[in-house]
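Have a look at the structure below, then the notes.
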Amino acid sequence: MSTGGIVAEGLTRSYGDLLAADNVSLSVQPGEVVGLLGPNGAGKTTTLRMLATLLTPSAGRATVAGYDIAAAPLEVRRRLGYLTGDTGLYNRLNAREILRFFGRLHGWGPRRIEERTEVVVDLLGITDFAQRRTERLSTGQRQRISIARAVFVEPPVLILDEPTSGLDILAARDILEFFRLVADAGTAVLISTHIMAEVELICDRAAIIHRGTVRCSGTLDELRALGGDASLSAGFFRLLGEEDRGSAKGPPH
Amino acid sequence: MSFQGLRLASIIWRKELVETLRDRKTIVMMVVLPLLLYPLIFLGLGQATAMQANALRTTDILVGATRAVPVALREVIDARKYTRLVVVDDAASLRAGVRDGSLRAGVVGAVDTPAEVLDAGGSLELRVVFDGGSDLSRQADQRLRASIKTFADELLDARLQRMGRPPAYVKPVEVKSDNVAPPERRGGYFLGQILPMLISILMIGATFYPAIDLTAGEKERGTLQTLLTAPITPLVIVGGKYLAVVTLALITGLMNLVSMAFVGLALPLPDELANEVSLSFGADVFFLVLLALVMLGMMFGAVMMAIAVTAKSFKEAQNYLTPLYLVCIFPLLISSLPGVQLTEVSATLPIVNLALAIKSLLVDGAASPLLSVVFISTACWIALALALAARVFKNEAVLLGDAGISALFARRGGRFATRPPVPTIGEMVVLMGVTLLAMFYGTLLLQGAPLLAIIHTTQWGFILLPALLLVWALKLDFRQTFKLRRPPWWAVLAAVLAGSGSWVAAQLIVQLLFDADVLPVPNPAMEEFSRQLGELAADPDTAVMLFLGVAVAPAICEEALFRGLAQGALRRRVSARSAIVIQAALFGVYHLNVYQALPAFAVGLLMGWLAERSGSLLPGVILHALHNGLALATQFYVFGPDEGLTSAEAFPIGLALLMGPVSAMVLLSMKGKPSSDSDSVGS
């Protein structure tokens, strides 16, 4: 068993008769970015929520940063940065206050919080608006603060659920490149998306999930080879089957 | 909660306070409004009222009098300030004048020669005509009555003088009051009547907005999910948020109190009241009142949060809490009724106990021995409400999905359950509401109808029919919802044994409650109901229908609703024990009668247990029919309507009969698990 990163074995979650995630197994090593690729409703969010200890699995097990998600959820959360595309921010607090709040919830002292705040604020380019209440900021600025919050306590594992949704193409690229850098520094990053270009930009490996089950996983080259024409999109469509193309909202980019 | 937990909760508390206090709306609601509102309402309105009253007093008013009104009286009226009198020919013209407003009011005399009647020592009939829909006319009416009184008093004095009698001659007895209550106690009584109600309403209002904003509001804004991935437990989150809600409520309460106190100081009491009433208290009373107020805020905060947290959005939370607001005000209304005092029982009732404690502290100026009971029981209620809120916070379906308010009763870590073919808790709660409304308004509509018709319509039409319609409309399974299956033999035996003696136990409970002065003496309406039942029982033509209505119909209809539908719905989400207790409590409340509530609850427990163990409705039906039938038969055929079961003659029989329920319970506890095909989920 790995002591770092993410290891999931047979994670299953049902809502009544519906199997939202069915026997999902995947792993993310420290320093690696793994993409969870699938159309809307494929089970990506359910899988990530289970790994983030927000949902209890109906079956299966997983470890995050070496801790079992069911047996030691608090230890998992201590070592996890979790971010979604629609993450809300406290509207009437500013970036520094939000970072301070989460730093304190992690048991950090004031000095350590102040030092880390300066680093993160600088790293994500939010210095100019770090003193303004988040309700007065643009979507892109708010998302930068959310990212700052997720990476603030230097978690060894990052789980990102469609982190670029609602962002323009430039802002999205900046953010993805940032996560690549974070991974290169040794963090295990699991990112869910339905956008091929994002996977190609930052992922080392990817798992294609559809109707709750992982259809295949491997390096990007292995996935490209599935389609036979060296394109991820071709591999994706071939795997999902022609009949499912309509259910995948919007063609993968 | 550990020290570390408290530290983390305090971090959340501080953050919530900062965020809430930065909201302009909150500041306006919490600080500006109370500081401005009371002076504006009390001083502004008070002055406006005084000015208006003065204006009315000094308005010139034209009044009329018929020629049959004594001249002396007319002179008295005309001599009054701001009042001018015109003489009118007859009563009809005077009435027409008052009606069209040309005259504000008038006096009509009944006889044409009033002076002769008065000189002869007779009594004169006068009629004041006025328009009750006009302020000016009411003012004119007052002035005329005052003038008539002056005239009559002078007349009486003159008569007494002629007779050589002193004024005391017509006042053989004069009553004066001697109030032994010191001014502090009178002031306390005055405050005790209004303060608990007023402060409570303010406190509920003060917890309303923060309780929603910090729970459902946070869910709506998408920040709750982030908080849940922080390394803290749900209890810490609930604790921190709860502290913030209570703090905000107390700030609001304090602001309101300060504002009211200033207004109270600025508004001089009327002289006659100022001399008699003092609003000063000892430091101990002041401290205890303050403590009770803080606990009131904590109580409301806990209840509001437990409910608000189940909502998905701000709007949904408002929909849940608005009725709760009204529900909370109801016990306050009860506690403000004259004569309602702190007793061993009322000291344990949530909200009521604190309101009564404040009332008793203010009136007596000292702590009641029951105060500790009040504070301890309130602490228990608060803990219960908080435990519920924390439980909801552990429920992922509520936090991420849409489980709604039924999550309050859900199993720990509740899942998105598959739908079995029986109603949900939410559907059951709606049905109960509809049934209650149907019973209440239906009974009003049926007023005046024969008693037998009312009894049967209530059972079949208001209790059973809505339940059947619900199951039919939702296309659910009738057999499973109403537990329509063959019971095991031992369950039937237990039902017969229990039914043969449960009515004795029920009557004993009522008798004990009477003896302990917990229950009030039956009112005339109840005695009339009992008398009518007796008449129906005595007549062989109606006796059969009476037994069908009182024993058989409830056995079928109430069992179907409570032990069938309600208990089944509850069993989808809660343990067998909780389901039995909740349905029995509902069964007790549904009797809408203080005399029947507790016995019904007790028998409801037994019937619920029977249904749970046997998986069938039939044993409960048998028990219920025997219980009601035997109680009725004993009341009207064995002892007669006026005798109870306390006589020495009845005691040994009652004791023997009580063995029935006892042996039934032994039998039930010996029989293992309920049947495997029970409709319970996860049992």
First compute the accessible area of the stretch B:57-168 with a 1.4 Å probe, then give the percent of it belonging to carbon and sulfur atoms.
-> 49 percent
For residue B:484 and residue B:152, extending 7 Å from Cα along the Cα-Cβ vector and measuring point to point gives, in nm, a value of 7.4 nm
Calculate one ³J(HN,Hα) per residue across the stretch B:539-551 by plugging θ = phi - 60° into the Karplus curve 6.51 cos²θ - 1.76 cosθ + 1.60, and present them in order as whole Hz with x for glycine and proline.
-> 8, x, 5, 9, 4, 5, 5, 5, 5, 5, x, 9, 9
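For the protein assembly as shown, what is the percent of antiparallel DSSP beta bridges, rounded to the nearest 5? Walk me through the intermediate numbers first.
Details: 26 of 54 bridges.
Antiparallel: roughly 50 percent of the beta bridges in the protein assembly as shown.
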How about the stretch B:149-182: which trypsin sites (Lys or Arg not before Pro) there lie in a loop by DSSP and see at most 11 other Cβ atoms within 10 Å?
-> B:176
Got a sec? Which residues in the stretch A:130-165 would a label at residue B:22 touch, if it sits 7 Å along Cα→Cβ and we count backbone N under 20 Å?
-> A:130-153
Between helix B:3-21 and chain B: long-axis angle, C-alpha atoms, 0 to 90°, nearest 10 | 40 degrees
Among B:436, B:232, B:604, flag the residue with its Cα farthest along the positive direction of the charge dipole of chain B, charges on Cβ as +1 for Lys/Arg and -1 for Asp/Glu.
-> B:232
Here the relative contact order (percent) of the stretch B:57-168, from C-alpha pairs under 8 Å and at least 6 apart, is 26 percent
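Across chain B, how large is the tail of the calculated P(r) beyond 33 Å, expressed as a percent of all Cα pairs?
The calculated P(r) of chain B puts 65 percent of pairs beyond 33 Å.
Report the net charge of residues surrounding residue A:49, where surrounding means a beta-carbon distance below 10 angstrom and charges are Lys +1, Arg +1, Asp -1, Glu -1.
Working: positive: A:13, A:44; negative: A:161, B:396.
Net charge around residue A:49: 0.
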Check cross-link reach from residue B:219 to the lysines: straight Cα distance under 19 Å, and skip same-chain residues fewer than eight apart.
-> B:15, B:241, B:312, B:315, B:394
For residue B:81, list the lysines whose Cα falls under 17 Å from its own Cα; do not include residues on the same chain fewer than 8 positions away.
-> B:149
Between residue B:193 and residue A:135, with labels modelled 7 Å along Cα→Cβ, what's the label distance in nm to one decimal, could you check?
-> 4.4 nm
Taking every DSSP beta bridge that has both residues in chain A, what percent is antiparallel when rounded to the nearest 5?
-> 50 percent
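Normalise the Cα radius of gyration of chain A by 2.2 N^0.38 Å (N = residues in it) and let me know the number. Can you show the working numbers first?
Values: Rg = 18.1 Å, N = 253, 2.2 N^0.38 = 18.0 Å.
Cα-based Rg divided by the globular estimate yields 1.00.
Would you calculate a helix-derived [θ] at 222 nm for chain A, using -39,500 (n - 2.57) for each DSSP H run of n ≥ 4 and dividing by the full residue count, to the nearest 500? Before the final figure, lay out each step's value.
Values: 9 runs with 92 residues, N = 253.
Helix-only estimate at 222 nm: -11000 deg cm²/dmol.
Divide by every residue of chain B the summed helix terms, -39500 (n - 2.57) for each DSSP H run of at least 4, and state the resulting mean residue ellipticity at 222 nm, rounded to the nearest 500 deg cm²/dmol.
-20500 deg cm²/dmol
Need one number: the % of Cα-Cα pairs in the stretch A:86-154 sitting beyond the 14 Å mark.
50 percent
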Sparse-neighbourhood loop sites, trypsin sites (Lys or Arg not before Pro) in the stretch B:1-100 - DSSP loop, at most 11 other Cβ within 10 angstrom | B:81
Could you state the principal axis extents of the C-alpha atoms in the protein assembly as shown, from the largest down, to the nearest angstrom?
-> 129, 77, 56
Linear extension gain, residue B:334 paired with residue B:589, 0.36 nm per residue minus alpha-carbon span = 90.1 nm
Summing Lys, Arg as +1 and Asp, Glu as -1, what charge do residues with Cβ under 13 Å from the Cβ of residue B:580 carry, residue B:580 excluded?
-> +3
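May I ask what percent, to the nearest 5, of DSSP beta bridges between residues of the stretch B:1-126 are antiparallel?
10 percent
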Rounded to the nearest 10 degrees, what's the angle between the helix B:314-335 long axis and the longest principal axis of chain B, both from Cα atoms, 0 to 90?
-> 60 degrees
With the calculation restricted to Cα positions, what are the radius of gyration and Dmax of the stretch B:43-134 in angstrom?
-> 15.8, 55
Which of the trypsin sites (Lys or Arg not before Pro) found in the stretch B:434-542 are loop residues per DSSP with 13 or fewer other Cβ atoms within 10 Å of their Cβ?
-> B:475
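Can you give the local net charge around residue B:76? Use residues other than it whose beta-carbon is closer than 15 angstrom to its beta-carbon, Lys and Arg +1, Asp and Glu -1. Present the calculation step by step, with values, prior to reporting the outcome.
Values: positive: B:74, B:80, B:81, B:84, B:143, B:145, B:149; negative: B:75, B:78, B:153, B:154, B:157.
Surrounding charge for residue B:76 is +2.
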Chain pair B, A: how much accessible area is buried, both chains summed, with a 1.4 Å probe, in Å² to 100?
-> 3100 Å²
Acute angle (nearest 10 degrees) that the helix B:650-670 long axis makes with the longest principal axis of chain B, alpha-carbon atoms | 50 degrees
Quickly rank B:318-328, B:118-128 as a protection proxy: mean count of other C-beta atoms within 10 Å, highest first.
-> B:318-328, B:118-128
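The values are calculated or read from the model by the stated rules, or taken from the named source; none is laboratory data. As the structure is a prediction and not an experimental result, all values here were calculated from the model. Cβ atoms come from the backbone with ideal geometry, glycine included; neighbour counts cover every protein chain shown. Protein only, heavy atoms only, side chains kept; ligands, DNA and RNA dropped before computing areas. Shrake-Rupley method; radii C 1.70, N 1.55, O 1.52, S 1.80 Å.
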